[in-house]
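These notes concern the structure reproduced below.
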Amino acid sequence: MEEEGRIDAVVTTWRNFERSEFYPHFKYVNLMGSTYLVSVTYMNQKFYKSLPEKYRALIMTASVETARIERAKTIQLNEQSKRVELGRGAESVHLSEEARRGFAKALQPAYEGALKDLLGQDFIERVRRAPDGPAHPEVSIVRDFAAR
């Protein structure tokens, strides 16, 4: 990293921390308590509405199943990267409740502006209420689905 010292902080995953080779330039990984949103299916609304109901249902079902598999795999890859980076000397830190509230307050303009306009308040609230997935998903979930 030629420009060491130019970044104060970055929000990333363990996997991206490892792949970006941040360590030893950055030693601390702040665990935000975030939830992964790794899979989004995009489709032109006019096209989607032109499809027969059985195809729309199939797209919805496949999107949900694919998102669950992708999320489980992402969690698994992040856990692997976490073990690697902790083994190299990176340190995992957590935000205090006070710091977390300050971080949320600092992000409030993004939620009230661009994110709300882009995603809609209903979607943002559904993400906030969504329970987190398992910390250590089983690889067999991915293999079982691929065997179908």
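List of remarks:
- Boolean, Q76 is in contact (Cβ under 8 Å) with a residue 12 or more places away in the chain and polar (S, T, N, Q): yes
- Residue list for region 110-129, filter: of a type in the set (A, V, I, L, M) and within 18 Å of the chain's Cα centre (by Cα): A110, L115, L118, L119, I124, V127
- Here R71 does not fit the description of being exposed (fewer than 12 other Cβ atoms within 10 Å of the Cβ) and either of a type in the set (K, R) or more than 22 Å from K27 (Cα to Cα) (or both).
For (1) touching a Leu at 6+ places or on another chain (Cβ under 6 Å); (2) under 24 Å from W14 (Cα atoms); (3) small (G, A, S), each residue gets a yes or a no:
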site: A90; (1), (2), (3): no, yes, yes
site: V93; (1), (2), (3): no, yes, no
site: S96; (1), (2), (3): no, yes, yes
site: K105; (1), (2), (3): no, no, no
site: P109; (1), (2), (3): no, no, no
site: L119; (1), (2), (3): no, no, no
site: R126; (1), (2), (3): no, no, no
site: R129; (1), (2), (3): no, yes, no
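- Residues of region 92-125 satisfying the condition of being of a type in the set (D, E, K, R) and either exposed (fewer than 11 other Cβ atoms within 10 Å of the Cβ) or under 23 Å from V40 (Cβ atoms) (or both): E97, E98, K105, E112, K116, D117, D122, E125
- Some residue of region 38-61 being modelled with pLDDT of 80 or more, among the small types (G, A, S) and within 22 Å of E18 (Cβ to Cβ): no
- Selection of region 68-107 for residues being of a type in the set (A, V, I, L, M) and outside any helix (DSSP H, G or I) yields A90, V93, L95.
- Top-ranked residue of region 1-37 - restricted to ones that are in contact with a Leu (Cβ under 7 Å, 6 or more places away or on another chain) and at pLDDT below 80, ranked as surrounded by the most Cβ atoms within 10 Å (Cβ to Cβ): N30
- Hits in region 114-147 (condition: among the small types (G, A, S) and at pLDDT 80 or above): G120
The values are calculated or read from the model by the stated rules, or taken from the named source; none is laboratory data. Quantities reported herein were computed from a predicted structural model and do not represent experimental measurements. Every residue, glycine as well, gets a Cβ built from its backbone with ideal geometry; the counts of neighbours run over all protein chains shown.
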